[in-house]
């Protein structure tokens, strides 16, 4: 049986020989300029730092870029809906739908024709209400994009409120940003126009 003390000396000698071999190998590499300043120089070497820093920052940068893009698309959709509301309000203001006997479907098709090409008519809801005075506009029933509204275009010299609601689809947002306000993950965009119709004369 080998005494424990002898085993300890053998182990220490083996470890010492391995350490000496590593030191000799480092001296050889240093002499060949593979390690210019020893082990400390390896840690101080700044080559490739820009690539490493970009790899750390890139996910955050891409997430922020995606969030900005999503917000920009929502603003573009809102601007398109406002433009369609202005154009379609002019029709009612001049009395064309009233004199030609348009129903709610015909007027909605005219509104859809004013939408930008990237907005679908199926996501749009239209509400046209005639009120007696401005204060009555605040008491109109709630209006959403999930259901069509009323169609009461009024007659000559009538006060009319036109409301458009569009269900804008929103995707998954980074950084915890959530633009959706509906259970289906969409956001409702609203546009309102209030005006008085012209004193047109209806053709019998």
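We did not get these values from a lab; they are worked out from the coordinates using the rules stated. Just so it is clear, the structure is predicted and the values come from calculations on it, not from any experiment. Virtual Cβ from ideal backbone geometry, glycine too; neighbours counted across all protein chains shown.
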Working out 0.36 nm times the residue gap between residue 63 and residue 192, then minus their Cα-Cα distance, what length gain in nm do you get to one decimal? 43.1 nm
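Gain in length, residue 54 to residue 150, computed as 0.36 nm per residue apart minus the alpha-carbon separation, to one decimal in nm? Intermediate results must be reported in sequence, preceding the final value.
Working: separation 96, 0.36 × 96 = 34.56 nm, distance 5.52 nm.
29.0 nm is the gain from fully extending residue 54 to residue 150.
What number, in percent, do you get for the relative contact order of region 78-204 if the mean sequence gap of Cα pairs under 8 Å and at least 6 apart is divided by its residue count? Each step should come with its number before you reach the end.
Details: 214 pairs, mean separation 39.3, N = 127.
Relative contact order for region 78-204 comes out at 31 percent.
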Calculated FRET value between residue 79 and residue 134, using beta carbons and R₀ = 30 Å, to 0.05: 0.70
Take the alpha carbon atoms of region 114-193, find their center, do the same for region 52-108, and report the distance between the two centers in whole angstrom. 12
What per residue convex hull volume, in Å³, comes out for region 76-125 when only alpha-carbon positions are used? 63
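Could you work out Rg/(2.2 N^0.38 Å) for region 128-173, with Rg from alpha carbons only? Don't skip to the answer; put the middle values down first.
Details: Rg = 13.9 Å, N = 46, 2.2 N^0.38 = 9.4 Å.
Ratio of Cα Rg to 2.2 N^0.38 Å: 1.47.
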Taking the C-alpha atoms of region 51-196, how large are the radius of gyration and the largest Cα-Cα span, Dmax, in Å? 19.2, 70
